[in-house]
Amino acid sequence: MDKMKMQTNDLADENFKKLKELFPNAVTETKDENGNVVRAIDKDILRQEINTQVVEGPDERYQFTWPDKRKAQRLAAAPIAASLRPSREESVNFDTTENVYIEGDNLDVLKLLRETYLGRVKMIYIDPPYNTGGDFIYKDDFAGDQDEFLLSDNQLDEEGNRLVQNTESNGRFHTDWLNMIYPRLKIAKDILSENGAIFISIDDNEFMNARKICDEIFGSVNFVCSFAWQKRYSPPPDTKNVGYTHETILLYRKSDSFEMGLLPFTQEQVARYQNPDNDPRGPWKAADYTCRYTSDERPNLYYPITNPNTGKVVYPKKTRVWANSIETHIANEKEHRLWWGVNGDNEVPALKNYLSEIKQGSMPNTLLLHKDVGHTDEATKELRSLIPEIKFTPKPTRLISTFIKIANLYSDSIVLDFFSGSATTAHSVMKLNAEDGGKRKFIMVQWPEKCPEDSEAFKAGYKTICDIGEERIRRAGKRIKEENPLAAASLDTGFRVFKLDSSNMKDVYYSPAETPQSDLLGRVDNIKEGRTPEDLLFQVMLEFGIPLSSKIRESVIAGKKVFNVEDNYLIACFDDAITEETITAIAKEKPQYVVLRDSGFKTDSVAANFEQIFATYSPDTTRRVL
């Protein structure tokens, strides 16, 4: 039986192994500053293998860099030993929902989610700190080495806070923000599906840096556009020079597999289609019958046509040509698709575009007007209608719903927001599902930032931003069901709450060589006190790449609690004194994976027979122990 890692993968190590497979002759060893033998790459051999120029040292080249960038890159790849502990009492419909809400530092959470959700998330939306000089940003630790990082729990400051105010007087004003956002976006790319996209709300303080970072991580070819969202009716009252009435949202795709979705027609757009000639095909809109090329550039599109009403032969102007070939024009005439004006004597015709024949939606526009997608005042009222004590300004659900449509999400796609704040994204997903019958799922991640003790929210019992976000989802879900009774039965407004914590395993699990021999002979318990079987189950699920929303069935076999995940994909039992009866019953289910505690067997004889039992009843099952 193999032992589970119970920690995330070391991406740097994985990349080194891939390089070694491709160019084994370029892999060598050297000594570090302490005289220890370490792995290394012979750059001269590697340069010969790939036949390209290596840029190093002071050589000039185009690049985007800042202090600590290399450490930020290492931080994104470094493994962690952490867990996501379920909180049933704060969840809604824990056993049936497919939505997830996670409390904790989003960098560590993203690392835990990376392998499980690799390429599974269709859309990511984030509204990170804008770095205005008063915003709070995550304070990541770049000082510790990898061994220290592996066993670290929460990296907090002296007052127990992970968020620090990044004031303009700080000499590392932009550096700190870049170090914060880089590793998170690096991991976010891995989680996105090939046809997925990420939307990033940002203001002018870090807009250029955000563009450069995204160009580096996602590739400049995958920049789709930047939206300008008109967030206010008018400039704020304290405006001195320029009244800012918009925010920018960057859109990057994962690859060219991404297809832009269409937006529903507005009433104003539909009104442009009319039927002045009572055409039986319904309302239509006149379109230009010419295009911008000249007769010299497109001679095949410069030909005479006849007005059937007057008999007059007409040509387009010399600076333009017809938009269609002569064959297409003849077909348009036969189908009576040409409009020669109310009196039938226009100089050139127009083409009828019928509302019934066009795609069911309009192309997105980079200018997002508040009348179409909402504004800050609407967003504030929307939140306060659910929780009156909350006074900060989120994004409007209409805005996020617009992005979901632009991202062309399938009905069962996953939406991730790892700066979820008051959970506007979750609210938007549920609301849109109620409107179109979709089954989209959300994953919200939010650091449990403390609410100010003098705030109305704190006085009303909301101690952290997570308390606010979770309560908003509860109340929004209830209201959406009340307003959509026909969709209520199938609408998923629940969510599983998880809280980031240290690993469920004691230090001895990761460093058995440092454990006294007497403890090993006594089969010391390697699980931390206070950790439940369900805590262990979800850490195991993440290691096996099983989504946190998976269906879990509990049963009792020979007096032992057994978890069955996704109909025998994983069966786990973390009880003590497990007998052959329980093991045999599990083996007969023929699971894909089975996990037990190494110290959970009743006797050494049961432990010895474990492999034989599975060899008999389910030889293809992958067996692991904790």
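Contact annotation: residue pairs with Cβ atoms under 8 Å, 6 or more positions apart or on different chains, pairing a residue in region 477-503 that is within 20 Å of Tyr101 (Cα to Cα) and part of a loop (DSSP other than H, G, I, E, B) with a partner that is modelled with pLDDT of 95 or more and among the aromatic types (Phe, Trp, Tyr), are Gly494/Phe94. Residue count for region 381-416, restricted to those that are out of contact with any His (no Cβ under 8 Å at 6 or more places or on another chain), without any contact (Cβ under 8 Å) to a residue 60 or more places away in the chain and either polar (S, T, N, Q) or not assigned by TED's automatic domain parsing to the domain that holds His370 (or both): 4.
For region 109-128, a residue qualifies if it is surrounded by fewer than 20 Cβ atoms within 10 Å (Cβ to Cβ) and at pLDDT below 95, and exactly one does: Glu115. Criterion applied to Ile400, Ile390 was being touching a helix residue (DSSP H, G or I) at 6+ places or on another chain (Cβ under 6 Å) and over 16 Å from Lys431 (Cα atoms), and the one residue passing it is Ile390.
Filtered by the rule that a residue be of a type in the set (D, E, K, R) and either exposed (fewer than 10 other Cβ atoms within 10 Å of the Cβ) or touching a residue at least 24 places away in the same chain (Cβ under 8 Å) (or both), region 19-39 gives Glu21, Glu29, Asp32, Glu33. Which one of these is closer than 25 Å to Thr376 by Cα, in a helix (DSSP H, G or I) and either in the same structural domain as Arg232 (by TED's automatic domain parsing) or not β-branched (Val, Ile, Thr) (or both): Met444, Met430? Result of the check over Met444, Met430: Met430. Reported count of residues in region 221-242, each being more than 18 Å from Leu369 (Cβ to Cβ) and modelled with pLDDT of 95 or more, is 4.
Yes or no, residue by residue, for (1) part of a loop (DSSP other than H, G, I, E, B); (2) surrounded by fewer than 22 Cβ atoms within 10 Å (Cβ to Cβ); (3) at pLDDT below 95:
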position: Tyr130; (1), (2), (3): yes, yes, yes
position: Val164; (1), (2), (3): no, yes, yes
position: Ile200; (1), (2), (3): no, no, no
position: Asp204; (1), (2), (3): yes, yes, yes
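Give me the pairs: first residue in region 453-469 and closer than 17 Å to Ser91 by Cβ and in the same structural domain as Glu103 (by TED's automatic domain parsing), second residue modelled with pLDDT of 95 or more and of a type in the set (Phe, Trp, Tyr), beta-carbon distance under 8 Å, and six or more apart or on different chains, which are they? Note: pairs meeting the criteria are Cys466/Tyr101; Ile468/Tyr462; Gly469/Tyr101.
What are the residues in region 270-290 that are assigned to a strand (DSSP E or B) and acidic (Asp, Glu), if any? Hit for region 270-290 is Asp288, nothing else.
When Lys371 is tested against (1) touching a Ser or Thr at 6+ places or on another chain (Cβ under 7 Å); (2) basic (Lys, Arg); (3) free of Cβ contacts under 8 Å to residues at least 40 places away in the same chain, just one condition goes unmet, and that condition is (1). One residue alone among Glu580, Glu543, Glu529 is among the acidic types (Asp, Glu) and over 26 Å from Ala615 (Cβ atoms), and that residue is Glu529. Picking from residues in region 392-411 that are in a loop (DSSP other than H, G, I, E, B) and closer than 19 Å to Ile473 by Cβ, the one that is nearest to the chain's Cα centre (by Cα) is Leu409.
One residue stands out in region 462-514 among those that are within 26 Å of the chain's Cα centre (by Cα) and of a type in the set (Phe, Trp, Tyr): the one that is nearest to Thr380 (Cα to Cα), namely Phe495.
Residues that are in contact (Cβ under 8 Å) with a residue 40 or more places away in the chain and in a loop (DSSP other than H, G, I, E, B) within region 583-614 comprise Arg597, Asp598, Ser599, listed in sequence order. Filtering region 86-124 to residues that are among the charged types (D, E, K, R) and assigned to a helix (DSSP H, G or I) leaves Arg88, Glu89, Glu90, Asp108, Lys111, Arg114.
The criterion of being under 19 Å from Ile126 (Cα atoms), assigned by TED's automatic domain parsing to the domain that holds Lys395 and of a type in the set (Asp, Glu) holds for Asp215. Please go through region 313-343 and give me each residue that is assigned to a loop (DSSP other than H, G, I, E, B) and in contact with a Pro (Cβ under 8 Å, 6 or more places away or on another chain), ordered by number. Result: Tyr315, Trp340, Val342.
Each row is one residue, and each column tells you yes or no for (1) exposed (fewer than 12 other Cβ atoms within 10 Å of the Cβ); (2) in contact with a Phe, Trp or Tyr (Cβ under 7 Å, 6 or more places away or on another chain); (3) not small (Gly, Ala, Ser).
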| site | (1), (2), (3) |
| --- | --- |
| Asp279 | no, no, yes |
| Arg292 | yes, no, yes |
| Asn309 | no, yes, yes |
| Asp345 | yes, no, yes |
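Of all the numbered requirements in (1) buried (at least 17 other Cβ atoms within 10 Å of the Cβ); (2) hydroxyl-bearing (Ser, Thr, Tyr); (3) out of contact with any helix residue (DSSP H, G or I) (no Cβ under 6 Å at 6 or more places or on another chain), Ser255 misses one, and that requirement is (1).
The values are calculated or read from the model by the stated rules, or taken from the named source; none is laboratory data. Since we're looking at a predicted model, the values are computed, not measured. Positions of Cβ are generated from backbone atoms using ideal geometry, with glycine treated the same way; all protein chains shown enter the neighbour counts.
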